[in-house]
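Beneath this line is the structure, given in structure tokens, with notes to follow.
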Amino acid sequence: MIVCVCKRVSDREIHRHVRAGMGFDEIQFELGVATQCGKCEQCARDVVAQCHRMHPVAALSSGEPQLDSPTWLCR
């Protein structure tokens, strides 16, 4: 589905960028979503949140990796 008509950005493109570890602001900068008329911003944010809910990504911490905590990847 097209989320941003102005920049022709689809939900699949947004999901792909979320899986690459990007947040909304980074996706907005990279794809230009919600930078022209702004009508798609809430929908784009919802798509990002939906991907995070479906496939949570573990927070990165400094230091040694935690072997006893699961790491989730958005696939």
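The values are calculated or read from the model by the stated rules, or taken from the named source; none is laboratory data. From a predicted model like this one, the values you see are computed outputs, not experimental measurements. When we count neighbours, we look across all protein chains shown, and the Cβ atoms used for this are built from the backbone with ideal geometry, even at glycine. Ligands, DNA and RNA are stripped out before the accessible areas are found, and what is left, the full protein with its side chains, is counted by its heavy atoms. Shrake-Rupley method; radii C 1.70, N 1.55, O 1.52, S 1.80 Å.
For this structure, a couple of remarks:
- Among the numbered conditions (1) loosely packed, with under 13 Cβ neighbours inside 10 Å; (2) of a type in the set (D, E, K, R); (3) within 10 Å of the chain's Cα centre (by Cα), the only one that E26 does not meet is (1).
- Within region 1-23, the set of residues being open to solvent by 30 Å² or more (accessible area, probe 1.4 Å) and assigned to a loop (DSSP other than H, G, I, E, B) comprises M1, V5, C6, K7, R8, A20, G21, M22.
- One residue stands out among those in region 27-74 that are among the aliphatic types (A, V, I, L, M) and in a helix (DSSP H, G or I): the one that is modelled with the lowest pLDDT, which is M54.
- Among residues of region 1-23 being under 13 Å from R45 (Cα atoms) and of a type in the set (G, A, S), the one that is farthest from the chain's Cα centre (by Cα) is S10.
- Residue selected from region 29-56 under the condition surrounded by fewer than 14 Cβ atoms within 10 Å (Cβ to Cβ) and among the basic types (K, R), by the criterion farthest from V3 (Cα to Cα): R53
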